[in-house]
């Protein structure tokens, strides 16, 4: 099974920490030339230095189209192309019932979690993938497949990402493969408010008896980007330690 990415160029949004950082590190270790992007230049610089291989960075707000275009342009200019786009960046500015979310935070959640996935994919398609092909991997969530009382609106946007992945896969084939990963609860700073108060109890109710680590998701992302997954598109790969088993889905 070939999991090497030699000669490939990958761009990972939200790549300075957590799942995005782990994916970027896995790609670089597999031989890809990698650009990571997020809002904070200092965090990006530190993250890039911690990785082996060829890793560069570009600071951009994922929800700003002009910055997205500049980032993709910089990736192609510096690294010579764009073969793999990982739409990982996300936000969750609100926790609570749907009926109490205000319009500002609802719009921000959609802008970053849903529209940016489409916008960055459009830019990657126009700049490189329409001519040369490629692979797009979108980070969804098992929350997009179930209900949850505190992060319901976040989950709505992740459900949209799952369907967006299918639609993009249908429209961009055979040039570009488009897949998604739906993580369960992973031990990141982003999800700390969900796992830290009850880590042991949550793990005990998970069939594999532990929470996820960023590297668990990175392994799935490496597979989906590689030639080993060359006949897979439009699929959402659940990586959750078996958590969804208890939902009946």
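Hey, could you check the stretch 130-148 for residues that are surrounded by fewer than 19 Cβ atoms within 10 Å (Cβ to Cβ) and at pLDDT 95 or above and say which is nearest to the chain's Cα centre (by Cα)? Before the answer, list the steps.
Pass one, the stretch 130-148, residues surrounded by fewer than 19 Cβ atoms within 10 Å (Cβ to Cβ): 130-133, 145-148.
Of the ones still in play, those that are also at pLDDT 95 or above are 130-133, 145.
Working: 130: 21, 131: 23, 132: 22, 133: 19, 145: 16 Å.
Checking each candidate, the answer is 145.
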Exercise for the section: Check whether at least one residue in the stretch 129-141 is assigned to a loop (DSSP other than H, G, I, E, B) and free of Cβ contacts under 8 Å to residues at least 60 places away in the same chain, and report yes or no. Expected result: yes
The number of residues in the stretch 29-52 that are surrounded by 19 or more Cβ atoms within 10 Å (Cβ to Cβ) and farther than 22 Å from residue 218 by Cα is 0
Heads up, the helices (runs of 4 or more DSSP H) in the stretch 149-249 (entirely inside) with at least 1 residues that are modelled with pLDDT of 95 or more are 152-172, 214-225
Here, helices (runs of 4 or more DSSP H) confined to the stretch 53-124 with at least 3 residues that are surrounded by 17 or more Cβ atoms within 10 Å (Cβ to Cβ) and more than 16 Å from the chain's Cα centre (by Cα) are 65-79
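The values are calculated or read from the model by the stated rules, or taken from the named source; none is laboratory data. Because the structure is a prediction, the values reported are computed rather than measured. Virtual Cβ from ideal backbone geometry, glycine too; neighbours counted across all protein chains shown.
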